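Asks: My questions all concern the structure below.
The values are calculated or read from the model by the stated rules, or taken from the named source; none is laboratory data. Only a predicted model underlies this, so the values are computations on that prediction, with no experimental measurement involved. Cβ atoms come from the backbone with ideal geometry, glycine included; neighbour counts cover every protein chain shown. We work out accessible area using only protein heavy atoms, side chains counted, and drop any ligands, DNA or RNA first. Shrake-Rupley method; radii C 1.70, N 1.55, O 1.52, S 1.80 Å.
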Amino acid sequence: MAVPFWPLRREDRLFSGFTSLFSVFTSANKNGSFVALRVVFLCCLKCLQKLSSSRMQNATVGRPLFGGALSATIPHSAKDISELREIPDNQEVFAHDHNDQSIIVELLELQSHVQNGDAARYHFEDVAGSNKASAPGTSEVRAVVALPKSDLSLEECSSAFLLTGTQCVAKFNEEAKNTVTIHLGLFRLPQFSTDVLVTFNDPLSISPGSSSAVGMGGEQQEDTEPWTLQDFQRLLQSLRLHDPGVFG
């Protein structure tokens, strides 16, 4: 198997430059004076600390959504599906790079005829219809809770809810169905006639006949940890609006 070429990261280039600097400095200072060398080392160390701090700050910055109109903290190992296939303009879709978990952010028309937790149930049933899980026994709502606005970054929402349920879903129209836990976050923005729906699909059990079962059980690779409910809650709490023009 061909070994992929990985370009030098910025830190590696920085270390390379420091090494060269040390070599030049020590060769030019054979008289045994290490005082100035210590100063250079401390300066290099400060540069590395600043770079590390900058990277940590960037890691906490929300990922731009819908061209930067919104942003949120997307979990690790997320692949932007729009890079693989066409996605509707009102959706942002991310899939875990090593399993069947996925997250979908959607801008939908406000369903003003349903209120409070019933609105979350309405959207859950709509998702079930899209997943062909509307038949009796194929979907179940387990809990619906209101999300305190004080915990949210999306200050423009009038209310928000988190629904947890399960649906039996077939992948790629296969016969075999997998049981999927669905965490659904709903943000209501009546002033923009919009419901923002964030769905976390987390497979609970995979049918042996599903294509998802292929390749399972192999050695775990680095950074393959599955997303957790805490990751999803962090996403919901970090969701932020930057440009209301996205709602039309």
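Asks: From Ser134, Ser158, grab the single residue that is in contact with a helix residue (DSSP H, G or I) (Cβ under 7 Å, 6 or more places away or on another chain), surrounded by fewer than 18 Cβ atoms within 10 Å (Cβ to Cβ) and under 14 Å from Val196 (Cα atoms). Walk me through how you get there before you give the answer.
Replies: Working: Ser134 fails: under 14 Å from Val196 (Cα atoms).
Every option except Ser158 fails the conditions.
Asks: Considering every residue within region 166-173, establish whether at least one is within 14 Å of Ala120 (Cβ to Cβ) and open to solvent by 10 Å² or more (accessible area, probe 1.4 Å).
Replies: Checked against the condition, which is being within 14 Å of Ala120 (Cβ to Cβ) and open to solvent by 10 Å² or more (accessible area, probe 1.4 Å), region 166-173 yields no hits at all.
Asks: What strands (runs of 3 or more DSSP E) lie completely within region 68-144 and have 3 or more residues being within 21 Å of Pro244 (Cα to Cα)?
Replies: Once the strands (runs of 3 or more DSSP E) in region 68-144 are filtered for at least 3 residues that are within 21 Å of Pro244 (Cα to Cα), what remains is 70-72, 91-96, 102-109.
Asks: Out of (1) free of Cβ contacts under 8 Å to residues at least 12 places away in the same chain; (2) assigned to a loop (DSSP other than H, G, I, E, B), the odd one out for Ser153 is which?
Replies: (1)
Asks: Among the residues of region 81-96, write down those that are without any contact (Cβ under 8 Å) to a residue 12 or more places away in the chain, within 27 Å of Thr228 (Cβ to Cβ) and among the acidic types (Asp, Glu).
Replies: Once the filter is applied, which keeps residues that are without any contact (Cβ under 8 Å) to a residue 12 or more places away in the chain, within 27 Å of Thr228 (Cβ to Cβ) and among the acidic types (Asp, Glu), region 81-96 yields only Glu83.
Asks: So how many residues does region 80-131 have that are surrounded by fewer than 17 Cβ atoms within 10 Å (Cβ to Cβ), small (Gly, Ala, Ser) and at pLDDT 95 or above?
Replies: Qualifying residue count for the region: 2.
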